[in-house]
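As structure tokens, the structure follows; a few thoughts come after it.
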Amino acid sequence: MIRGRFIAFGVFGAFLLGACSDGDAGAEPKETVTVTATATATVTAEPERISSQKGEALEAARETAEDAGYEVSVHNANKGDAEPSGKWKVCFEEIGYGTVDYGAVREGALCPKKDGGPLAWPRIPDVTGKVYAKAVKALAKVGLDEDDIDVESAYKDVSVSAADVEEDADGYKVCFQSPSAGKDVKPGTEAKLTLVEGGSCPSGKGTYKDRKNDPDYTPPPPPSNSGSGSSTGGSGSSGGSGGSGGAAQWNGQCELTSPAGNCYQAGQFCANKHLGMQTHNSAGRIIYCKERADGQRWNYS
């Protein structure tokens, strides 16, 4: 068997030698064919680096990552199966090669300590006793801006407007607040602050700074005369009678009234045309239109 292989090899070798011998020198040369192999490699470009998106709105974070070439996935960072939306806030992020996963919480909610923790909201701070300016700053820290805050007067007979408070934010003090301290601040929460201009706060809302302005106010009875003494007592009575007559001169009508026909009250703004003038309030007390640090207002003196 081996011998046969050697014989075959010898015959094949002789054939090759014959093909290359000088006897075939006149034969035409055969055409040479060159084959070139080309290899093509696909290279994926490395995505751009992106900054941390924690604290950003989910919609904006997603746009930033996608613009940089990342594939984005999102999940609820709190317990529950609610699907995150664009206004949710990014609390956690896991960035891979060309991929990023954001864990987000509802708009206005607090980030949990760990991904998947319970839902929690900021809470209203106690701002009673603070001046309005400091109260607004404290409320802003939990997500309430000044447009979410309304104001009112602690007294029925003293007016307080937002314009008044904005002009002198350090001159008004918070006596009462709503919602009360400790309540959750969820989207749409609004606050109301009950204020006084300087001074101390009343024991409760809806009282009158001047008791005489209360329609239900009953003045105390005049002191009774002893009846002893003749001419002197009479004279005294006469003098007292004269004083009563002076008070009785008011006919129950207010000399100056608002465009709505109401009597002016102490603490209210007064018009330029009334500056330096006086009138009676609804309780019969004389009030004066004077220039003050906070503008022109009706005053008792």
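The values are calculated or read from the model by the stated rules, or taken from the named source; none is laboratory data. Owing to the predicted nature of the structure, the values given are computational and were not obtained by experimental measurement. Neighbour counts are summed over all protein chains in view; Cβ atoms, including those assigned to glycine, are modelled from backbone coordinates with ideal geometry. Side chains included, ligands, DNA and RNA excluded: accessible areas come from the protein's heavy atoms. Shrake-Rupley method; radii C 1.70, N 1.55, O 1.52, S 1.80 Å.
Given the structure, is A181 open to solvent by 40 Å² or more (accessible area, probe 1.4 Å), at pLDDT 90 or above and aliphatic (A, V, I, L, M)? Answer is yes for this residue. When K113 is tested against (1) basic (K, R); (2) in a loop (DSSP other than H, G, I, E, B); (3) within 30 Å of E166 (Cα to Cα), exactly one condition is not met: (3). In region 117-138, the residues that are at negative phi and among the small types (G, A, S) reach residues that are part of a strand (DSSP E or B) and exposed (fewer than 15 other Cβ atoms within 10 Å of the Cβ) with C-beta atoms within less than 9 angstrom, at least six apart or across chains, in these pairs: A120/D184. Of all residues in region 58-103, those being of a type in the set (S, T, N, Q) and closer than 23 Å to E48 by Cβ number 3. Read through the list (1) closer than 17 Å to R123 by Cβ; (2) out of contact with any strand residue (DSSP E or B) (no Cβ under 6 Å at 6 or more places or on another chain); (3) crowded, with 16+ Cβ neighbours inside 10 Å, then give the number of the only condition that K186 fails. Exception for K186: condition (3). The condition of being within 26 Å of Q53 (Cα to Cα) and more than 17 Å from the chain's Cα centre (by Cα) holds for G116. Quick check, is S178 polar (S, T, N, Q) and more than 29 Å from the chain's Cα centre (by Cα)? So S178 fails the test.
Can you find a residue in region 152-168 that is among the hydrophobic types (A, V, I, L, M, F, W, C), open to solvent by 20 Å² or more (accessible area, probe 1.4 Å) and touching a helix residue (DSSP H, G or I) at 6+ places or on another chain (Cβ under 7 Å)? Looking for residues that are among the hydrophobic types (A, V, I, L, M, F, W, C), open to solvent by 20 Å² or more (accessible area, probe 1.4 Å) and touching a helix residue (DSSP H, G or I) at 6+ places or on another chain (Cβ under 7 Å), one finds none in region 152-168, hence no.
Within region 55-81, the set of residues being within 24 Å of the chain's Cα centre (by Cα) and among the aliphatic types (A, V, I, L, M) comprises A57, L58, A60, A61, A77. Taking the condition under 30 Å from E66 (Cβ atoms), charged (D, E, K, R) and free of Cβ contacts under 8 Å to residues at least 24 places away in the same chain, does K113 pass? It is true that K113 is under 30 Å from E66 (Cβ atoms), charged (D, E, K, R) and free of Cβ contacts under 8 Å to residues at least 24 places away in the same chain.
Evaluation of D164 against the conditions (1) in a loop (DSSP other than H, G, I, E, B); (2) at pLDDT below 95 shows that the sole unmet condition is (1).
The set of residues in region 126-161 that are of a type in the set (G, A, S), modelled with pLDDT under 95 and within 8 Å of the chain's Cα centre (by Cα) contains only G143. On the stretch given as region 43-61, residues that are more than 22 Å from G117 (Cβ to Cβ) and not in a loop (DSSP other than H, G, I, E, B) total 2.
Of the numbered conditions (1) modelled with pLDDT under 90; (2) in a strand (DSSP E or B), A39 satisfies every one except a single condition; which is it? A39 satisfies every listed condition except (2).
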